[in-house]
Amino acid sequence: MVTTKAIVLSRKKVAESDVIINLLTRTEGKVRVYVNGARHPKSRFASATQPFNEGVFSLFINKDLSRLSEVQISNPHMTIRADMNKIFLATYMLELVELAIEDGQLIKGLYDKVAYALVALGETEHLQLLKVVYDLKFIVAIGYQPVLFSCSVCGSEANLSTSLSVQHGGVVCHSCLSDCSDCTAFTLEDLKWINIVLKKPFKTVQQLAVSDTMLLKIGTWTNRFIATHVVRRPLKSLKLLSIL
């Protein structure tokens with residue numbers, strides 16, 4: 001049996017009273033867990049297996065479906081649950097984790113980043129900023145850091161433009177720009193802000209000044225980048241975020 005910190009990513013009804021939950025754990029990566037009787041109102045697991053819950057889970061780990069033995073919830077993230085917009089964004093954040101990594105895949109530091117982001121979401125009113133920062137931090141965490149200091153097409157460090165290619169994953173030089181059909185034009189300030197977000201701690205970048213126009217442009221690019229490189233199928237929750 002393994003006891004580990006975990007966040008409930010999603011919950012699916014099965015059989016009459018059972019559920020399958022997906023967990024992001026600190027020590028085992030993403031784990032699918034079968035929970036007997038969790039839909040029964042008197043079950044000790046009824047509320048503990050709801051999405052967004054964070055706590056300590058004792059699991060019998062199996063390759064296909066693990067089993068839940070005990071759970072103690074440390075943070076149910078009630079401030080998120082009390083705000084519909086925050087529910088939408090939290091759902092997106094956790095769906096991104098679920099679709100981007102495989103069962104059993106452990107990415108160092110990812111649990112802590114997601115756990116911090118949920119706490120930050122509960123405290124902030126700047127949801128667009130949090131989403132863009134989360135997306136960029138997530139992209140880096142799973143190994144897809146955008147290329148900003150050399151051409152993502154030819155590798156040259158000279159004569160760089162400020163345009164970013166989704167397909168190639170970064171800036172392109174002026175020589176390659178004419179052949180870039182998916183490039184988005186940014187300003188130097190935009191790229192400096194992206195670079196700071198990629199390098200600095202989550203808490204620090206939340207305090208950076210940024211315009212709504214910049215957030216919209218960068219957020220549109222990160223959405224396309226994630227759809228192209230990170231997830232296996234479209235994010236259903238992304239549609240909900242259009243109301244933010």
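On the basis of being on the phi < 0 side of the Ramachandran plot and within 23 Å of the chain's Cα centre (by Cα), does Val56 make the cut?
In short, yes.
Please go through the stretch 42-69 and pick out each residue that is among the charged types (D, E, K, R) and touching a residue at least 60 places away in the same chain (Cβ under 8 Å).
Once the filter is applied, which keeps residues that are among the charged types (D, E, K, R) and touching a residue at least 60 places away in the same chain (Cβ under 8 Å), the stretch 42-69 yields only Glu54.
Kindly indicate the residue of the stretch 193-219 that is charged (D, E, K, R) and at pLDDT below 95 and also nearest to Val132 (Cα to Cα) among those meeting that condition.
The qualifying residue nearest to Val132 (Cα to Cα) is Asp212.
Yes/no matrix, rows are residues, columns are (1) at pLDDT 95 or above; (2) of a type in the set (Asp, Glu); (3) under 16 Å from Val114 (Cβ atoms); (4) touching a Leu at 6+ places or on another chain (Cβ under 6 Å):
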| residue | (1), (2), (3), (4) |
| --- | --- |
| Leu23 | yes, no, yes, no |
| Thr27 | yes, no, yes, no |
| Lys42 | no, no, no, no |
| Gln50 | yes, no, no, no |
| Lys63 | no, no, no, no |
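Looking at this structure, is Ala117 free of Cβ contacts under 8 Å to residues at least 24 places away in the same chain and either part of a helix (DSSP H, G or I) or on the phi < 0 side of the Ramachandran plot (or both)?
no
This table checks each residue for (1) surrounded by fewer than 21 Cβ atoms within 10 Å (Cβ to Cβ); (2) out of contact with any helix residue (DSSP H, G or I) (no Cβ under 9 Å at 6 or more places or on another chain); (3) in a loop (DSSP other than H, G, I, E, B); (4) of a type in the set (D, E, K, R).
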residue: Val31; (1), (2), (3), (4): no, yes, no, no
residue: Phe52; (1), (2), (3), (4): no, no, yes, no
residue: Lys86; (1), (2), (3), (4): no, no, no, yes
residue: Ala90; (1), (2), (3), (4): no, no, no, no
residue: Lys108; (1), (2), (3), (4): yes, no, yes, yes
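Out of the stretch 120-159, which residues are of a type in the set (D, E, K, R) and free of Cβ contacts under 8 Å to residues at least 40 places away in the same chain?
If the condition is that a residue be of a type in the set (D, E, K, R) and free of Cβ contacts under 8 Å to residues at least 40 places away in the same chain, then Glu125, Glu157 are the ones that fit.
Kindly indicate which of Val35, Val2 is over 17 Å from the mean Cα position of the chain (by Cα) and touching a residue at least 40 places away in the same chain (Cβ under 8 Å).
Among Val35, Val2, only Val2 is over 17 Å from the mean Cα position of the chain (by Cα) and touching a residue at least 40 places away in the same chain (Cβ under 8 Å).
Inspect all residues belonging to the stretch 92-100 and state whether any of them is surrounded by 15 or more Cβ atoms within 10 Å (Cβ to Cβ), of a type in the set (Ser, Thr, Tyr) and closer than 26 Å to Asn223 by Cα.
Yes: one or more hits.
Given the criteria surrounded by fewer than 12 Cβ atoms within 10 Å (Cβ to Cβ) and either within 23 Å of Glu125 (Cβ to Cβ) or without any contact (Cβ under 8 Å) to a residue 12 or more places away in the chain (or both), does Lys239 qualify?
Yes; evaluated as a whole, the condition is true for this residue.
Filtering the stretch 172-201 down to residues that are out of contact with any strand residue (DSSP E or B) (no Cβ under 9 Å at 6 or more places or on another chain) and buried (at least 18 other Cβ atoms within 10 Å of the Cβ), which residue is farthest from Leu127 (Cα to Cα)?
Ranking the qualifying residues of the stretch 172-201, first place goes to Trp193.
Enumerate the pairs (first residue in the stretch 92-105 and over 12 Å from Ile139 (Cα atoms); second residue anywhere and of a type in the set (S, T, N, Q)) with beta-carbon separation below 7 Å, excluding pairs fewer than 6 apart on the same chain, so at least 6 apart or on different chains.
From residues that are over 12 Å from Ile139 (Cα atoms), the pairs are Tyr92/Ser237; Leu94/Ser10; Glu95/Ser237; Glu98/Ser10; Glu98/Asn22.
Does the stretch 209-238 hold any residues that are more than 16 Å from Glu98 (Cβ to Cβ) and either in contact with a Lys or Arg (Cβ under 8 Å, 6 or more places away or on another chain) or not hydrophobic (A, V, I, L, M, F, W, C) (or both), and which are they?
Ser211, Asp212, Thr213, Lys217, Gly219, Thr220, Thr222, Asn223, Arg224, Thr228, His229
Which of the residues belonging to the stretch 166-184 are at pLDDT 95 or above, of a type in the set (Ser, Thr, Tyr) and more than 15 Å from Gly219 (Cα to Cα)?
The one that is at pLDDT 95 or above, of a type in the set (Ser, Thr, Tyr) and more than 15 Å from Gly219 (Cα to Cα): Ser175.
The values are calculated or read from the model by the stated rules, or taken from the named source; none is laboratory data. Quick caveat: nothing in here was measured; it's all calculated off a predicted structure. Cβ coordinates were reconstructed from backbone atoms using ideal geometry, including for glycine residues, and neighbour counts include every protein chain displayed.
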